[in-house]
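S.K.: Before I ask anything, let me first share the structure, which is written out below as C-alpha cells.
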Amino acid sequence: MIYKRSSELFAQAEQVIPGGVNSPVRAFKAVGGTPIFVKEAKGAYLYDEDGNQLIDYINSWGPMILGHAYEPVVSAVIEKAKKGTSFGMPTEIETKIAELAVSMVPNIDKIRFVNSGTEACMSAVRLARGFTGKDKIIKFAGCYHGHSDSFLIQAGSGAITFGTPNSPGVTGGTAKDTLLARYNDLSNVAELIEANINEIACIIIEPVAGNMGCIPPKEGFLQGLRDLCDENGILLIFDEVMTGFRLAKGGAQELYGVDADIVCFGKVIGGGLPVGAFAARKEIMNCLAPLGPVYQAGTLSGNPLAMAAGLAMLTTLNDDADVFVRLAKKTEYLHKGLSEVLMKHDIVHTINRVGSMISVHFDEAEVVDFETAANGNNEIFKTFFHEMLKKGIYIAPSAFETWFIADALTYEDLDRTIEACNSVFTK
C-alpha cells in the first residue's frame, strides 16, 4: 500500500503539533514508521488519505462497537446540532441518557457526565477521597486511567514502597499518595493495605485490563478485591471506560457478578463523541456539589451532541438482546483462526480474550499482569503490525493495547484477517 499523502500530512503536522499527534500512541513510536491519516470511515472499514481501505480493529479505541458512522448515531448528532451545539445549561436529553444508563448498569443510582475517561477517573478518585476522608489510593501496574497526575505513577522496588512519578510534571507529593499493586495478585494488595491501614480511600482498577493488551482477571480476583475493600472501609472503583456497555449491558459488574462502589465510563457511552461519566450509589454521589462538598464541574459536561450520540448508541445496545452474543462469537472465531495459523507456523504466542476484547502476545507464558505482558517479543510484533497493515488490516500500533471487535465486522472480514496473518508468516 502507498502512504505518500499520510507521510506528507504527518510532516506538516509535526511543525505545529507536538510529535505530529494529539495523543502519543498515534505516533507509531512503538512500531516505527509513519502514522496513517484517516479521511473517513464506514462500518468496519477505515479509508485513509491515500485511498486505502483498512479493516479496523481499533474502532477509535473502543467506542465504535457497532461500526463507524452508525446511522442512528449520525442522525441523532445532525438533528441535535441543528438546534445548537452547547448551552452550558441543563437539557432534557441529559436526564434521558442518565435514566437509561442507570437502568442498564447494576448497583448505581446516579451518574454524572464529564468529557473524557480521564475526567471520569480523576473525578471518581476525588469523590472517593471526599467520601472516605482518606488520601491514598491503590492502582495497578499496567492499568491506564488517563493522564491525571495521580495515575502517572511508577512503584519503587518494594511491594509497599511509596510511588515515584513516572512523568515529569507529576509532583512527589502526588506520588506519595498513590500505591502501585500487581494485577491479579490479591496478596500484594493485602500487603499494601496492611502497610497503610486506615489511610486508603479507594482501589481503582480496569476489571478487564486493556492497556497492557487484553488481560482478564483471574477467577476470584475481583471478588477478592471487593472483600478486602469491605473489610477495610475502602471504596472499589471499576474503570469501565473500555469495558462499560461493551462486555455486557451492565459491563464487567454484570459479567463477573461483582459490584463496584464507583464506576467510570467513556468510549461507548458517547457513541464516538468526547464523553465520560462516573456513577455510584446515592449516598456516594450525593457528596458531589451542589449537594455536597466535593467539587466537580465542566462547561461542556453533558454536551447535547455527545448526549444525543450516547443515547442513540445505548438505546441500540439496550434493545438488541443478541448484540453481545454476536460480538463474543466473532471474537472467539478470530481467536481460534489466529491461534491455528500461529501454531501452524510455530510462532510462540498467547491470545487473551474477553467478550469483544482480544490481544495477541508473542510469548508462550500466560499473560496475567504488566510484567508478563512486557515479556512478549516486541520485534515480532513490529513485523506483524506492519505486514498486517500492508494487507489492509489495522491493529493497534502497540503490543500493549487490546483489539476491539465491532459488530459491523463480517465473518468474511475475519477470514481475510486470518488469511493475512497466515501470509505474514508464510515463507
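The values are calculated or read from the model by the stated rules, or taken from the named source; none is laboratory data. Just so we're clear, the structure is a prediction, and the values are computed from it rather than from any experiment. Don't worry about glycine lacking a Cβ; one is built from the backbone with ideal geometry, like all the others, and counts go over all protein chains shown. The protein model used for the area step is the full one, side chains on, heavy atoms only, and it has no ligands, DNA or RNA in it. Shrake-Rupley method; radii C 1.70, N 1.55, O 1.52, S 1.80 Å.
S.K.: Can you spot a residue in segment 214-225 that is in contact with a Lys or Arg (Cβ under 6 Å, 6 or more places away or on another chain) and either surrounded by 24 or more Cβ atoms within 10 Å (Cβ to Cβ) or modelled with pLDDT under 95 (or both)?
M.R.: For segment 214-225, residues in contact with a Lys or Arg (Cβ under 6 Å, 6 or more places away or on another chain) and either surrounded by 24 or more Cβ atoms within 10 Å (Cβ to Cβ) or modelled with pLDDT under 95 (or both): absent.
S.K.: Please work out which one of (1) modelled with pLDDT of 95 or more; (2) touching a strand residue (DSSP E or B) at 6+ places or on another chain (Cβ under 7 Å); (3) part of a loop (DSSP other than H, G, I, E, B) is the condition GLY292 fails and give its number.
M.R.: Checking GLY292 against (1) modelled with pLDDT of 95 or more; (2) touching a strand residue (DSSP E or B) at 6+ places or on another chain (Cβ under 7 Å); (3) part of a loop (DSSP other than H, G, I, E, B), the one that fails is (2).
S.K.: Only one of (1) surrounded by fewer than 22 Cβ atoms within 10 Å (Cβ to Cβ); (2) at pLDDT 95 or above; (3) within 25 Å of ASN232 (Cα to Cα); (4) of a type in the set (S, T, N, Q) fails for SER103. Which number is that?
M.R.: Among (1) surrounded by fewer than 22 Cβ atoms within 10 Å (Cβ to Cβ); (2) at pLDDT 95 or above; (3) within 25 Å of ASN232 (Cα to Cα); (4) of a type in the set (S, T, N, Q), the lone unmet condition for SER103 is (3).
S.K.: Same structure again: Taking segment 1-55, which residues are among the charged types (D, E, K, R) and surrounded by 19 or more Cβ atoms within 10 Å (Cβ to Cβ)?
M.R.: Across segment 1-55, the qualifying residue is only ASP48.
S.K.: Right, here's the next one. Could you pull out the residue among LYS83, LYS29 that is under 25 Å from PHE381 (Cα atoms) and part of a loop (DSSP other than H, G, I, E, B)?
M.R.: Sole residue among the options that is under 25 Å from PHE381 (Cα atoms) and part of a loop (DSSP other than H, G, I, E, B): LYS29.
S.K.: How many residues, within segment 133-176, are open to solvent by less than 30 Å² (accessible area, probe 1.4 Å) and modelled with pLDDT of 75 or more?
M.R.: Of the residues in segment 133-176, 15 are open to solvent by less than 30 Å² (accessible area, probe 1.4 Å) and modelled with pLDDT of 75 or more.
S.K.: In addition: For segment 351-365, enumerate the residues that are within 16 Å of GLY210 (Cβ to Cβ) and either in a loop (DSSP other than H, G, I, E, B) or open to solvent by less than 30 Å² (accessible area, probe 1.4 Å) (or both).
M.R.: Within segment 351-365, ILE351, ASN352, VAL354, GLY355, SER356, MET357, ILE358, SER359, VAL360, HIS361 meet the criteria.
S.K.: Sticking with this one: Quick one: what pairs do we get from segment 239-259, first residue under 20 Å from HIS145 (Cβ atoms), second open to solvent by 10 Å² or more (accessible area, probe 1.4 Å) and among the polar types (S, T, N, Q), C-beta under 6 Å, 6+ apart or different chains?
M.R.: VAL258/GLN223; ASP259/ASN107
S.K.: A follow-up question, please. Quick one: is THR243 within 25 Å of ASP56 (Cβ to Cβ) and of a type in the set (Ser, Thr, Tyr)?
M.R.: yes
S.K.: Suppose we keep only residues that are open to solvent by 20 Å² or more (accessible area, probe 1.4 Å) and in contact with a helix residue (DSSP H, G or I) (Cβ under 9 Å, 6 or more places away or on another chain) within segment 313-329. Which one would you say is nearest to LEU247 (Cα to Cα)?
M.R.: The qualifying residue nearest to LEU247 (Cα to Cα) is PHE324.
S.K.: Condition first: in a loop (DSSP other than H, G, I, E, B) and either touching a Pro at 6+ places or on another chain (Cβ under 6 Å) or among the hydroxyl-bearing types (Ser, Thr, Tyr) (or both). Now tell me which residues in segment 32-76 satisfy that.
M.R.: Hits for segment 32-76 are THR34, TYR57, SER60, TYR70.
S.K.: Also, I was wondering about something else. Which pairs do you get when a residue that is under 19 Å from HIS386 (Cα atoms), found in segment 8-35, comes within reach of a residue that is open to solvent by 40 Å² or more (accessible area, probe 1.4 Å) and not in a helix (DSSP H, G or I), reach meaning Cβ atoms under 8 angstrom, with the pair 6+ apart or on two chains?
M.R.: Sorted first by the residue in segment 8-35, then by its partner, the pairs are PHE10/THR34; PHE10/PHE37; PHE28/THR34; ALA30/PHE400; THR34/TYR3.
S.K.: Assuming ALA120 fulfils every condition listed in (1) touching a residue at least 40 places away in the same chain (Cβ under 8 Å); (2) open to solvent by less than 30 Å² (accessible area, probe 1.4 Å); (3) closer than 23 Å to ASP320 by Cα; (4) assigned to a helix (DSSP H, G or I) apart from one, which condition is it?
M.R.: With (1) touching a residue at least 40 places away in the same chain (Cβ under 8 Å); (2) open to solvent by less than 30 Å² (accessible area, probe 1.4 Å); (3) closer than 23 Å to ASP320 by Cα; (4) assigned to a helix (DSSP H, G or I) applied to ALA120, the lone miss is (3).
S.K.: Quick check, is GLU283 part of a helix (DSSP H, G or I) and either touching a strand residue (DSSP E or B) at 6+ places or on another chain (Cβ under 8 Å) or over 24 Å from ALA124 (Cα atoms) (or both)?
M.R.: no
S.K.: Moving on to the next point. So which pairs qualify, if the first residue must be in segment 404-422 and modelled with pLDDT of 95 or more, the second must be among the basic types (Lys, Arg) and assigned to a helix (DSSP H, G or I), the Cβ gap must be under 7 Å, and the two must be at least 6 apart or on different chains?
M.R.: Listed pairs, sorted by first residue: ILE405/LYS330; ASP407/ARG326; LEU409/LYS330; LEU414/LYS330.
S.K.: If I ask for residues that are over 30 Å from ASN377 (Cβ atoms) and in a loop (DSSP other than H, G, I, E, B), which ones from segment 298-349 would you list?
M.R.: Selection gives GLY298, THR299, LEU300, SER301, GLY302, ASN303, ASP320, ALA321, ASP322.
S.K.: Now for a different question. With the requirement that a residue be more than 13 Å from the chain's Cα centre (by Cα) and either within 22 Å of PRO63 (Cβ to Cβ) or of a type in the set (Ser, Thr, Tyr) (or both), what does segment 246-262 give you?
M.R.: Of everything in segment 246-262, those that are more than 13 Å from the chain's Cα centre (by Cα) and either within 22 Å of PRO63 (Cβ to Cβ) or of a type in the set (Ser, Thr, Tyr) (or both) turn out to be ALA248, LYS249, GLY250, GLN253, GLU254, LEU255, TYR256, ALA260, ILE262.
S.K.: Can you tell me which residue in segment 240-257 is farthest from ILE205 (Cα to Cα), limited to those that are part of a loop (DSSP other than H, G, I, E, B) and not aliphatic (A, V, I, L, M)?
M.R.: LYS249
S.K.: Of everything in segment 81-100, what is open to solvent by less than 40 Å² (accessible area, probe 1.4 Å) and under 14 Å from SER301 (Cβ atoms)? Give them in sequence order.
M.R.: Within segment 81-100, THR91, ILE93, ILE97, ALA98 qualify.
S.K.: ALA260 - would you say it is in a loop (DSSP other than H, G, I, E, B), farther than 20 Å from SER86 by Cα, touching a helix residue (DSSP H, G or I) at 6+ places or on another chain (Cβ under 8 Å) and not basic (Lys, Arg)?
M.R.: Here the answer is yes, as ALA260 does meet what is asked.
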